[in-house]
1. If you check every pair at least six apart or on different chains, which have Cβ atoms under 7 Å apart with a residue in segment 101-121 that is assigned to a loop (DSSP other than H, G, I, E, B) first and a residue that is modelled with pLDDT under 80 second?
2. Which of the residues spanning segment 67-96 are among the small types (Gly, Ala, Ser) and either within 19 Å of THR53 (Cβ to Cβ) or under 13 Å from the mean Cα position of the chain (by Cα) (or both)?
3. For segment 48-66, which residues satisfy the criterion of being within 17 Å of VAL5 (Cβ to Cβ) and either within 11 Å of the chain's Cα centre (by Cα) or β-branched (Val, Ile, Thr) (or both)?
4. May I ask you to list the residues in segment 45-59 that are within 10 Å of GLY30 (Cβ to Cβ) and either of a type in the set (Ser, Thr, Tyr) or not in a loop (DSSP other than H, G, I, E, B) (or both)?
5. Filter segment 5-32 down to residues that are within 14 Å of the chain's Cα centre (by Cα) and under 16 Å from VAL71 (Cα atoms), then give me how many there are.
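The values are calculated or read from the model by the stated rules, or taken from the named source; none is laboratory data. Since the structure is predicted, the reported quantities are computational estimates derived from the model, not experimental observations. As a convention, Cβ positions derive from the backbone with ideal geometry for all residues, glycine included, and neighbour counts pool all protein chains shown.
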Amino acid sequence: MPWRVINKTTGKTVVARLTIAAGYWSRLIGLQFRRELPPEAGMLLFPCNSVHTCFVRFPLDVVFLDDAGTVLAVRGNLRPWRLAMGPRKCVAVLELRAGSVDFGPADVLRIEGDNESGSIPPKLAAFLQG
């Protein structure tokens, strides 16, 4: 996958292989029914301000982001069959393998990679590549 997420505050790679769920069906399905999420992988749901873990077989770390890519909140170790609501200004949610978040509120995340494939929605590119 050509996309990765970088913590602009620290310069560390947060996600080496990012999947973007920006359409209705891709957001609806999300990580449901998958056996696992590899340590270096993650899914960004956009637009999104809450998540559920129904039919997700493993716990997740959930990161709530505002429209500038700033981390608003982190919900660690969200187990299957749970619901998590983001703060008021949340516009995107980053789902990661449980225990992989080593950052917190006020850190700024950015997507890096090329957009030659056209796989990233233009408004999302402006949202996290700025």
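1. Filtered contacts from segment 101-121: GLY113/PRO2; ASP114/PRO2; ASN115/ALA125; SER117/PRO2.
2. Within segment 67-96, the subset among the small types (Gly, Ala, Ser) is 68-69, 73, 76, 84, 86, 92.
Those that are among the small types (Gly, Ala, Ser) and either within 19 Å of THR53 (Cβ to Cβ) or under 13 Å from the mean Cα position of the chain (by Cα) (or both): GLY69, ALA73, GLY76, ALA84, GLY86, ALA92.
3. First, the residues of segment 48-66 that are within 17 Å of VAL5 (Cβ to Cβ): 48, 51, 60-66.
Correct list: CYS48, VAL51, LEU60, ASP61, VAL62, VAL63, PHE64, LEU65.
4. LEU45, VAL51, HIS52, THR53
5. 6
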